[in-house]
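Notes to accompany the following structure.
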Amino acid sequence: VITDGGRTIHESGAIIDYLVRRYGSGRLQPAPGSDAYDDYVQWLHYAEGSAMTPLLLDMYVRRLGEAGAALQPRIESELANHFGFVNAALEGRDWLLGSEFSAADIQMGFVAEAAGMFGKLPAYPAIRAWLDRFRARPAYRAAMEKGGLSIFGPQK
Ligand SMILES: N[C@@H](CCC(=O)N[C@@H](CS)C(=O)NCC(=O)O)C(=O)O
């Protein structure tokens, strides 16, 4: 949640969209109306709307031990489905939209960090390489120093 100019905005994708539109001066997003913009909006929704779901289920269901074992195959197949999709989208490109870094990378970046923390990335080298690329960006490093990602524990 952010509050800006007396307005409160919630939902991470909407917050990113708000900040980019209001303060981005045209940076970090493709031209509205372009095909790339449609892809950009899709990634903003996909991150928390779809990709995070199997990661969270995996985290919670593991805590059930044997009681959750019957659910694990379905969770594993959804992890492979989503992370295979993201990995394929990143193969042969630096950023989700191609050669230009965008706020879609920022929004999806948290998914990649979480997947890394849960030890899921060895099977997805394109996601791993992309994670390393955005971790190397000075602005990302500054954000990590300020906010960090400690909610999920140490990184793997
Ligand atoms: N609608 C929210 C969803 C945020 C959310 O629940 N994120 C999950 C995955 S990143 C989370 O932090 N879960 C931790 C937990 O439930 O313990 C948004 O996108 O702003």
Worksheet entry | Accessible surface of the chain [probe 1.4 Å, protein heavy atoms]: carbon and sulfur percent | 55 percent
Item to complete: Pop a pseudo-label 7 angstrom from the Cα along the beta-carbon direction at both T8 and S25 and give the gap in nm to one decimal.
Response: 3.2 nm
Fill in: Point-to-point label distance, L71-Q42, nm (Cα→Cβ direction, 7 Å offset)
2.9 nm
Worksheet item: Using alpha carbons only, how many degrees (0 to 90, rounded to 10) separate the axis of helix 125-135 from the longest principal axis of the chain?
Response: 50 degrees
Worksheet item: In Å², what does the accessible area per residue of the chain work out to with a 1.4 Å probe?
Response: 57 Å²
Response to the item:
Over all viewing directions the Cα convex hull of region 53-112 casts an average projected area in nm² of 4.3 nm²
Worksheet, complete the sentence: With all protein chains present and a 1.4 Å probe, the order of S25, S34 from largest accessible area down is S25, S34
Worksheet item: When the Kirkwood hydrodynamic radius is evaluated over all pairs of different C-alpha atoms of region 82-156, what value in angstrom, to one decimal, is obtained?
Response: 12.6 Å
Worksheet item: Considering only protein heavy atoms, what is the solvent-accessible area of D38 at a probe of 1.4 Å, reported in Å² to the nearest 10?
Response: 100 Å²
Practice prompt. Compute the whole-percent fraction of alpha carbon pairs in region 12-63 spaced more than 17 Å apart.
Written response: 47 percent
Worksheet item: How many angstrom separate the Cα center of region 103-154 from the Cα center of region 25-101?
Response: 13 Å
Fill in: trypsin sites (Lys or Arg not before Pro) within region 1-33, DSSP loop, no more than 14 other Cβ atoms inside 10 Å
R27
Worksheet, complete the sentence: If N is the residue count of the chain, its Cα Rg over 2.2 N^0.38 Å rounds to 1.09
Practice prompt. Note the full-extension length gain between V1 and W95 as 0.36 nm times their separation in residues minus their Cα-Cα distance, in nm to one decimal.
Written response: 31.2 nm
Item to complete: Compare M108, M144 by solvent-accessible area with a 1.4 Å probe and give them largest first, with all protein chains kept in place.
Response: M144, M108
Worksheet, complete the sentence: Per-residue accessible area, 1.4 Å probe, largest first, puts F101, F110, F85 in the order F85, F110, F101
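The values are calculated or read from the model by the stated rules, or taken from the named source; none is laboratory data. What you see is a predicted model; the values in this text were computed from it and never measured. Note that we place each Cβ from the backbone using ideal geometry, even for glycine, and neighbour counts take in every protein chain shown. Remember, those area values only see protein heavy atoms, side chains included, never the ligands or the DNA or RNA. Shrake-Rupley method; radii C 1.70, N 1.55, O 1.52, S 1.80 Å.
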